[in-house]
Amino acid sequence: ARRDGRLCGYAIGAVDTHLHYKSTVFGFVTLYYLHPAERAGWAGIRLLRSIERALKDRGALKISAAVTGRLDTSPVFKRLGWTPEETHFVKWIG
């Protein structure tokens with residue numbers, strides 16, 4: 001996403017089958033970002049809707065994205081009909 005020519009948001013993902021669900025084409029959203037100055041109002045909703053459209057246009061039937069613990073964006077996902085399915089745990093070991 002750009003405003004006045006400057007980058008203010010982005011998303012990175014892939015479309016492929018899932019290791020456990022070979023019959024379903026997934027859209028995997030691995031990174032998404034919206035500049036703090038752009039997070040007010042409907043910007044997050046517009047970003048997620050554009051992600052959904054882009055992945056659907058590329059053949060995805062189901063989309064997966066992670067929500068971090070330090071910046072909980074789950075209300076935005078839930079507003080668009082996404083549902084939590086898994087919880088990921090992380091531990092630094094090195």
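Beta bridges per DSSP, both residues in the chain: antiparallel share near 75 percent. Taking every C-alpha pair closer than 8 Å and separated by at least 6 residues, the mean separation divided by the residue count of the chain gives a relative contact order of 25 percent. With the simple model of a label 7 Å out from the Cα in the direction of the Cβ, LEU80 to TYR21 spans 1.7 nm. Scaled against 2.2 N^0.38 Å for its residue count N, the alpha carbon radius of gyration of the chain is 1.17.
For the options ALA37, ALA66, ALA14, a Gaussian network treatment of the chain with springs between C-alpha atoms closer than 10 Å singles out ALA37 as fluctuating the most. Cross-link partners for LYS62 among the lysines, with Cα-Cα distance under 21 Å and sequence neighbours closer than 8 places in the same chain left out: LYS22, LYS78. If R0 is 30 Å, what FRET efficiency do you get for HIS35 and ILE93 from their C-beta distance, rounded to 0.05? Computed FRET efficiency for HIS35 and ILE93: 0.40. Average accessible surface for the chain: 81 Å² per residue, computed with a 1.4 Å probe over protein heavy atoms with every protein chain in place. Report note on the peptides 48-54, 21-27, 83-89, 1-7: ranked by the mean count of other C-beta atoms within 10 Å, highest first, their order is 48-54, 21-27, 1-7, 83-89. Computed from the Cα positions only, the extents of region 1-45 along the three principal axes stand at 41, 20, 11 Å, in decreasing order. Keeping the other protein chains in place, figure out the carbon and sulfur percent of the accessible area of region 25-94, with a 1.4 Å probe. Here carbon and sulfur together make up 57 percent of the probe-accessible area.
Placing a pseudo-label 7 Å from each Cα along the Cα-to-Cβ vector at ILE45 and ARG6 gives an inter-label distance of 2.6 nm.
The values are calculated or read from the model by the stated rules, or taken from the named source; none is laboratory data. Please read these numbers as outputs of a predicted model, since none were measured by experiment. Using ideal geometry, Cβ is built from the backbone for each residue, glycine included, and neighbour counts are taken over all protein chains shown. Only protein heavy atoms, including side chains, enter the accessible area calculation; ligands, DNA and RNA are left aside. Shrake-Rupley method; radii C 1.70, N 1.55, O 1.52, S 1.80 Å.
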